[in-house]
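The values are calculated or read from the model by the stated rules, or taken from the named source; none is laboratory data. Worth saying up front: this structure is predicted, and the values here are computed from it rather than measured. A quick note on method: Cβ atoms are made from the backbone with ideal geometry, for glycine too, and the neighbour counts reach across all protein chains shown.
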């Protein structure tokens, strides 16, 4: 959000808490006491627009690789403002 829509972020309200404490193996059923009350698995206090840009670029690149084959489109281009994908054939 800090990268895409920074004016919507109320950074002063982001909770500061340690990362969720999970064992190095899966537990089922999930043990709710291991998840912070906020529901976030780690605090967003270390977030930045730069980190958001890096993550968005990585996600768009990774998630868009299979799209041309599955949709019939030959070319997808990142939509810079929102980080979405635009297909020239389906604008």
### Query
In the range 6-30, what count of residues is obtained for those that are modelled with pLDDT of 85 or more and surrounded by 11 or more Cβ atoms within 10 Å (Cβ to Cβ)?
6
### Number of positions in the range 9-36 that are free of Cβ contacts under 8 Å to residues at least 12 places away in the same chain and in a loop (DSSP other than H, G, I, E, B)
11
### Query
Any idea how many residues of the range 46-66 are modelled with pLDDT under 85 and surrounded by 14 or more Cβ atoms within 10 Å (Cβ to Cβ)?
1
### Message
Quick check on residue 75: is it at pLDDT below 80, in a loop (DSSP other than H, G, I, E, B) and within 16 Å of residue 1 (Cα to Cα)?
### Response
no
